[in-house]
1. Counting residues in the stretch 42-133 as N, plug N into 2.2 N^0.38 Å and put the Cα Rg over that result.
2. Would you please give the FRET efficiency between residue 68 and residue 117, computed as 1/(1 + (r/R0)^6) with r the Cβ-Cβ distance and R0 = 22 Å, to the nearest 0.05?
3. Calculate how many DSSP beta bridges within the stretch 41-160 are antiparallel, expressed in % of all such bridges and rounded to the nearest 5.
4. Residue separation times 0.36 nm, minus the C-alpha to C-alpha distance between residue 103 and residue 149: what's the value?
5. Given labels modelled 7 Å from the Cα in the Cβ direction, how far is it in nm from residue 42 to residue 131?
6. Please give the Cα centre distance for the stretch 80-108 versus the stretch 133-156, rounded to the nearest Å.
7. Taking neighbour counts of Cβ atoms within 10 Å as a proxy for exposure, in what order, fewest first, do 60, 136 appear?
8. Taking 0.36 nm per residue of separation and subtracting the Cα-Cα distance, what length does fully extending residue 140 through residue 75 add?
Amino acid sequence: MKSNLAKYLMIAGMAFGLTACATQKDLGQDAAGVVGNGISAEPGTLAEFQQIIGDSVLFETNQTDVNESGKALLSKQYAWLVQYNVTAIQIEGHADERGTRQYNIALGARRAASVKNYMASLGFAGAITTLSYGKERPISLCDNISCWSQNRRSVTVVTSK
């Protein structure tokens, strides 16, 4: 009895292992979001917006102007927001840990305003609010340029859909 159970478990384990190696071609077009990039998100969900489209625009040190890569990302965000009839967003401004709290709050506010103005220039008709966290909400914690560059950002948050 125990040997039969062991055989069934081994066969089930092998079958599971083989299905884990499937490709998008094997699974069909519906698997596009699951196989390939390793990220799975249903179209129109906040997970898709955050993980597939991207919700963060990065800035250079002490800069508030949206650069070309930021503009490209904001154009993708705009297309998604319009496609899914989003009526309100909030732009959060962030800074790295260097500088005073007051300076970083002001810098985050200018970054958020810059993104807000760019989204408005694209034609986003919904409500856009801004909020600055300055250096208070870092996403990466270390004392070098790799962390600082990740923390200098604006984040687009969908607040009403």
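Throughout, read-outs are computed from the coordinates displayed, never taken from laboratory work. Fair warning: this is a prediction, and the values are worked out from it, not measured in the lab. No Cβ is skipped: glycine too gets one built from the backbone with ideal geometry, and neighbour counts run over all protein chains shown.
1. After normalising by residue count via 2.2 N^0.38 Å, the value is 1.09.
2. 0.85
3. 55
4. The span from residue 103 to residue 149 would gain 14.9 nm if fully extended.
5. For residue 42 paired with residue 131, the spin-label model returns 2.5 nm.
6. About 12 Å separates the Cα centre of the stretch 80-108 from the one of the stretch 133-156.
7. Placing the least packed residue first, the sequence is 60, 136.
8. 20.8 nm
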